[in-house]
Amino acid sequence: MSTDNQTRTVEVYADVLCPWSYIGKRRLETALAGTEGRERLEIVWRSYELSPEEGRTPGRTAAEAMGDWWGEQGSARVELIHTLGRAEGVDIDLTLARPVNTFDAHRLRHLAADHGLADQVMERLLRAYLCEGGNVSDPEVLERVGVEAGLDAGQVRALLDGDAYAKDVRADERRAKERGVNGVPMLIIDGRPPVSGIQPPADLTRLLQDALRPASVAGD
């Protein structure tokens, strides 16, 4: 049997507005903890805007929006998300979260990736929006989030004052369409077709473990 010590990339398409992205993040973390050889897995966050038309001023809550989308089922869906979030240790509150444009939040995450802090910034962005009701299009909120996650305040301000990483966000989104990513959270593991990122951790572990198997034994 041949050995294979190459790193495998796990690309995670997610958006700050998406509660399932936070639930999926926790499930992926659990799956990684149960994966033998997880040190050979590189997690790469990718940008995906669920509502690019959203403005920067918060309006109605996510819970109210879901009521419009799902009618009588809206309340049940909101409660389901809250329940599943709590099961993963995440206090999601869609009665606080108010959808806004996330383009700058994605730019911030790209900056963080260049400093090895992508996961920390994504975690803080998700918590700020989904648990605290923060306006993640507000420069002051983004600066605070970035600094709390370990970034330099001056670098964050410079980012928000310009258009750095805008092309990177658009490239992620363009590539998502090319790869058949049509929702979030979605995973692309070692270049394979996209799979849902909200699967049970045990199922995700199997997918990760399979990607780590040497090519000569894959499918055995």
> Given a Förster radius of 35 Å and the C-beta distance between THR95 and VAL195 as r, what FRET efficiency does 1/(1 + (r/R0)^6) yield to the nearest 0.05?
Replying inline: 0.70
> What residues have an amide H closer than 5 Å to that of LEU41, excluding those fewer than 5 places away on the same chain, when H is modeled at 1.01 Å from N in the peptide plane?
Replying inline: ARG8
>> Using 0.36 nm times the number of residues separating THR7 and GLU39, minus their current alpha carbon distance, what extension gain do you get?
In response: 10.7 nm
> Given a cut-off of under 8 Å on Cα pairs at least six residues apart, what relative contact order in percent is computed for the chain?
Replying inline: 31
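For a Förster distance of 25 Å, can you work out the FRET efficiency between the beta-carbons of ASP210 and ARG86, rounded to the nearest 0.05?
Details: r = 30 Å, r/R0 = 1.21.
It comes to 0.25.
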>> Can you give me the accessible area per residue for the chain, using a 1.4 Å probe, in Å²?
In response: 49
>> What whole-number distance in Å separates the alpha-carbon centres of region 147-198 and region 36-93?
In response: 16
> For region 23-69, which GluC sites (Glu not before Pro) are both in a DSSP coil and crowded by at most 11 other Cβ atoms within 10 Å?
Replying inline: GLU36, GLU53
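Over region 104-220, calculate the relative contact order: mean separation of alpha carbon pairs under 8 Å at least 6 apart, over the residue count, as a percent.
This gives 19 percent for region 104-220.
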> Expressed as a whole percentage, what fraction of the accessible surface of region 73-220 belongs to carbon and sulfur atoms when a 1.4 Å probe is rolled over the protein heavy atoms?
Replying inline: 49
> Can you give the three extents of the C-alpha atoms in the chain along their principal axes, from longest to shortest, in whole Å?
Replying inline: 58, 45, 31
> By how many nm would the segment from ASP161 to GLU64 lengthen if fully extended, with 0.36 nm per residue of separation less the alpha-carbon distance?
Replying inline: 31.7 nm
>> At 222 nm, what value in deg cm²/dmol follows for the chain if DSSP H runs of at least 4 each add -39500 (n - 2.57) and the sum is divided by all its residues, to the nearest 500?
In response: -15000 deg cm²/dmol
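The values are calculated or read from the model by the stated rules, or taken from the named source; none is laboratory data. Given the structure is predicted, the values throughout are model-derived calculations rather than measurements. With ideal geometry, Cβ positions are generated from the backbone for all residues, glycine too; neighbour counts draw on all protein chains shown. Side chains are part of the model used for accessible areas, which takes the heavy atoms of the whole protein and leaves out ligands, DNA and RNA. Shrake-Rupley method; radii C 1.70, N 1.55, O 1.52, S 1.80 Å.
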